[in-house]
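The values are calculated or read from the model by the stated rules, or taken from the named source; none is laboratory data. For clarity, every value in this text was computed on a predicted model and none was experimentally measured. For neighbour counting, all protein chains shown are included, and Cβ atoms are generated from backbone atoms with ideal geometry for every residue, glycine included. To get the accessible areas, we keep the full protein, side chains included, count just its heavy atoms, and leave off ligands, DNA and RNA. Shrake-Rupley method; radii C 1.70, N 1.55, O 1.52, S 1.80 Å.
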Amino acid sequence: MYYSSGNYEAFARPQKPKDVDKKRAWIIGSGLAGLSTAAFLIRDGQMKGENIHILEEMDIEGGACDGIYDITRGYVIRGGREMEDHFECLWDLYRSIPTLEDPSVSVLDKFYWLNKEDPNYSLMRATENRGQDAKTNGEFGLSQKASESIVKLFLTPEDKLYDLKITDVMDSEFFESNFWLYWRTMFAFEEWHSALEMKRYLQRFVHHIGGLPDFKALKFTRYNQYESLILPLVQYLKEHGVNFVYDVQVKDVDFTFHEEEIIASSITWVHGENESTKSLTEDDLIFITNGSCTENSSLGDQYTPASFITDPVGGCWELWRNIRKKDSSFGNPDKYCTQTDLTNWESATVTTLDEKIPKYIEKICKREVKSGKVVTGGIITVKDSSWLMSYTFNRQPHFKNQNPNECVGWIYGLFTNVPGDFIKKPMKDCNGIEICAEWLYHMGVPEDEIMDLAENSANTVPCMMPYITSFFMPRKKEDRPKVVPDKAKNFAFIGQFAETERDTIFTTEYSVRTGMEAAYTLLNIDRGVPEVWGSKYDVRALLDATHQMLDGKKLEELDLSLKEKRVAHKIQEKIKGTEIEELLKEYQLI
């Protein structure tokens, strides 16, 4: 496997890999990583679909990319997915996946047309004082000291950040800035999360720093992620004969260790009442989803809080633990699944049932909810919420079969263990009505109307996720196994807890990238995997990010010592009349 960039290989079709017709694939997990692995095996590896088996512990595919109608509860979306132009592997995949409506149109085509016609941006990023504009004014509010700490983190080598928290590398002034408010709520970072992961995010998305305040950098699907992304991909795989096996719990994978190679030799699983062990040969390729951010997710309803389930830790984690016992190169699952007080947050799907609540949403987001176009344009963060609540309503209907009277949105709170501002209980102890009431309070609904609207004009389904930010916990490189470990002959790790270079977890791109790298490596597919977008190496992106972070101030307006001013003056004289000067002027830095 190798990386590529540009158009030379972007549209090339690789030759059929040697002996591929003898190979069989066993994919553990049907999240986006597992599904994309299967698609790359078929499209680029030219493997027969009937030789691919996807083993899924639930009764539905899609993993964290969900969107369902539960007949006992209502609509459920555990989280949202934000996408951008340079999800290179994701778009490489979906250019080949037909839409459900028209097989001549790809998912990428439809997504591209939609986001050209209806571009995303927010008209209200943050509120306070019960629905009033928090007046962040699109500014980052970074002190010079805070800006310098961001630059220092950006430039620090990864091995210097092993096991460090964000608080270990950022000063207190940084955490008081709008930048941190935008950052933590958009990406779900906490102060105790990994400095290494924050550095990767800074470098990966430096070209989108200017889009943090208004989300103009983001793109969203037309419907929920399950109907827009997962169902077309599943249909593609099933049409190619891929075998899906649901309600199967993979318990262990065994290996044979040789001096020069490691071979996966068997899989043990439980299906129904029966435990089976499947012996493997070198022609059996195993793709392992190790760990899951949505493992042990629990749903509540209008009258019942979601449960906080941590014992047992869940099937994906136990599988990874069992594999880890075989060799230390297979990562360290306990780094991620043993501190649920630090890795949880709670979401809630709210469905409005009449016209009473949408008018409050429209007052804040300044758009019509039922227009079929962008509504909130990303999350709206309640700056003074004790739960640090954010909420979003995407294009409606959010589900294809949604009742025309209904609007479906999503709420989440980063702080689940502190009392609310209207409902004096921690979010984790609240039922759907209470979570909705807290949200309505922060939208400015008159207090005497809140409980009636929460119970009769909305249906709210809470979802507690104990491990939802577990991949952000401080770590070192070896805590995640490589996509294809050293010496691995016929197995790979895929998903959010596998290690690949430069890319960032908690994205659809990371899932697809690990699937692509795994398939290309094990089948030795002779086509480059698109490299992570290189904006961190692009002086234009860096200059623009600098301009944005300075909130429009010029370099000469910075608070410099007399010595620093003299040096800056000399540099400015040296670059006068050069392209460097022109670039600095173009990006409004001088």
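Observations
- The stretch 398-416 and the stretch 210-245 have their alpha-carbon centroids 17 Å apart.
- Overall Cα dimensions of the stretch 460-590 - principal axes, largest extent first, Å: 60, 48, 30
- Calculated FRET efficiency for the pair Leu583/Asn417, C-beta based, R₀ 41 Å, to 0.05: 0.25
- MRE, 222 nm, helices only [DSSP H, n ≥ 4, -39500 (n - 2.57), over the chain, to nearest 500]: -8500 deg cm²/dmol
- Rounded to whole Å, the principal axis extents of the Cα atoms in the stretch 1-119 read 50, 38, 27, largest first.
- Once both labels are positioned 7 Å from their Cα atoms along Cα-to-Cβ, the gap between Asp59 and Asn129 label points is 5.1 nm.
- Diffusion constant of the stretch 370-510 at 10 °C, which comes from Stokes-Einstein with the Kirkwood Cα-pair radius and 1.306 mPa s, µm²/s: 88 µm²/s
- q = 0.13, 0.17 Å⁻¹, the stretch 1-67: log10 I(q)/I(0) [Debye, one scatterer per Cα]: -0.46, -0.72
- D (Stokes-Einstein, µm²/s), Kirkwood Cα radius, the stretch 217-322, 1.002 mPa s at 20 °C: 123 µm²/s
- Two-site label geometry, Ile71 and Ile571: point separation in nm, points 7 Å out along Cα→Cβ: 6.7 nm
- Each principal axis of the Cα cloud of the stretch 539-587 was taken in turn, and the coordinate range along them, longest first, works out to 28, 25, 13 Å.
- Shape analysis of the chain based on the Cα gyration tensor places the equivalent ellipsoid semi-axes at 37, 32, 23 Å, largest first.
- Equivalent-ellipsoid semi-axes for the stretch 138-252 (Cα gyration tensor, √(5λ), whole Å, largest first): 37, 20, 12.
- Solvent-accessible area per residue, Å², over the chain with all protein chains present [probe radius 1.4 Å]: 42 Å²
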